[in-house]
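The values are calculated or read from the model by the stated rules, or taken from the named source; none is laboratory data. Since the structure is predicted, the reported quantities are computational estimates derived from the model, not experimental observations. No Cβ is skipped: glycine too gets one built from the backbone with ideal geometry, and neighbour counts run over all protein chains shown. Heads up: the accessible areas ignore ligands, DNA and RNA and are worked out on the full protein's heavy atoms, side chains in. Shrake-Rupley method; radii C 1.70, N 1.55, O 1.52, S 1.80 Å.
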Amino acid sequence: LVPLLVAIPYASLPSKRSGYDYFFSLNLTVNVSNSLGQVVFEASKDLNFKKSATELAGLLDSSFRFLSSFSLEPGDYRLHVLVLDNYSGKVGTSHQPVSVPDLSADGPAMSDIVLSREDVQPESRTEGKTDSLGDAVLRANTERVFRVGDEMKLFFEVYNLSLSEATGRNKVRAEYVFIQAGKIIARIPAPPIEPFAQKDCRLQSSFRLKNFQPGDHILRATVTDENSGQSVSREISFSISVPRPPQSRQ
């Protein structure tokens with residue numbers, strides 16, 4: 001099951017006004033092609049909604065978000081998204097790689113990593129079972145751009161873990177590595193994860209980016225199945241923007 005989140009800034013969405021309401025009309029088309037270029041999935045949906053003037057005033061710095069999902073067989077694909085604004089005729093597109101792990105293979109597998117820019121209190125930093133990945137995707141920072149000092153929250157799922165014959169439980173260890181310009185700048189072991197009797201688990205953690213330099217970074221998450229000794233890793237890129245200079249007052 002592949003979750004899909006489409007995020008469009010409200011500031012870039014044309015609208016039609018009627019009275020105190022603003023009306024929006026979009027057409028969303030999604031297709032997925034395999035490594036041979038063959039289309040294996042295609043769907044289209046009309047998105048029509050309205051916002052009051054008061055609601056819209058509070059949304060101009062945020063994005064309209066639409067969450068959906070579809071199923072794919074294991075393999076590597078290209079995802080193509082086209083959004084047509086029915087009022088202006090403007091078109092927005094996005095093209096992304098999609099990799100679906102083969103859960104029938106031996107050894108652990110990981111989902112993609114989801115990054116979010118939510119305010120998370122330090123004492124709420126946890127590892128282990130948490131919200132569903134779909135819930136995490138809905139809160140994702142789709143641009144993957146953060147500011148120095150932001151709390152960056154990450155989510156991912158791990159599948160196909162082995163269970164101990166003695167305890168009937170999994171045993172998982174995780175580590176996070178931050179890389180900038182090809183150099184490791186931080187290596188952070190995750191807090192201990194309590195074993196439980198399932199072959200799949202959802203992990204989350206959060207990091208304060210207070211000592212990070214602006215620029216492009218890579219986060220690598222590695223999970224080790226300590227019952228089998230096998231490991232699996234995923235990487236995701238993100239950027240840290242240059243802080244805005246303070247504005248002087250007259």
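Points to keep in mind about this one:
- The candidates His80, His217, His95, arranged from most to least accessible area with a 1.4 Å probe in the full protein assembly, appear as His95, His80, His217.
- Each residue was assigned an accessible area with a 1.4 Å probe, and for Thr224 the value is about 20 Å².
- Under 5 Å, built H, 5+ apart or other chain: amide partners of Asp21: none
- Sequence-distant residues sharing a close amide H with Ser205 (under 5 Å, placed H): Leu154
- Remark: region 185-231 carries a charge dipole of roughly 240 debye about the Cα centre, counting +1 on each Lys and Arg Cβ and -1 on each Asp and Glu Cβ.
- Within straight-line reach of Lys50, meaning a Cα separation under 18 Å, sit the following aspartates and glutamates at least 8 residues removed in sequence or on another chain: Asp21, Asp61, Asp85.
- Of the whole protein surface, Phe196 contributes about 30 Å² of accessible area at a 1.4 Å probe radius.
- When the residues Glu165, Glu143 are ordered by accessible surface, computed with a 1.4 Å probe over the protein chains alone, the sequence from largest down reads Glu165, Glu143.
- Label-to-label distance, nm, for residues given as His80 and Ser104 (7 Å Cα→Cβ offset): 2.9 nm
- Converting phi to 3J(HN,Hα) with the Karplus coefficients 6.51, -1.76 and 1.60 and the offset θ = phi - 60°, region 19-35 yields x, 9, 10, 10, 10, 10, 9, 10, 10, 10, 10, 10, 9, 10, 10, 8, 5 Hz in sequence order, with x at every glycine or proline.
- Partner lysines for Lys199 [C-alpha distance under 16 Å; skip if fewer than 8 residues away on the same chain]: Lys129, Lys171
- Entries in Lys183/Lys210; Lys16/Lys153; Lys153/Lys183 that, when Cα-Cα distance is taken, lie over 30 Å: Lys16/Lys153
- Sequentially through region 215-229, phi angles give Karplus couplings (6.51, -1.76, 1.60; θ = phi - 60°) of x, 8, 9, 10, 10, 10, 9, 10, 10, 10, 7, 6, 6, 9, x Hz, Gly and Pro residues having no value and appearing as x.
- Intensity falloff of region 1-69 expressed as log10 I(q)/I(0), Debye formula with alpha-carbon point scatterers, at q = 0.27 Å⁻¹: -1.26
- Residues in region 1-25 that a label on Leu59 would reach, taking backbone N under 18 Å of a point 7 Å out along Cα→Cβ: 5-25
- D_trans [Stokes-Einstein, Kirkwood Rh over alpha-carbon pairs] for the chain, 20 °C, 1.002 mPa s, µm² s⁻¹: 104 µm²/s
- Relative to its residue count, region 155-200 spans a Cα convex hull of 99 Å³ per residue.
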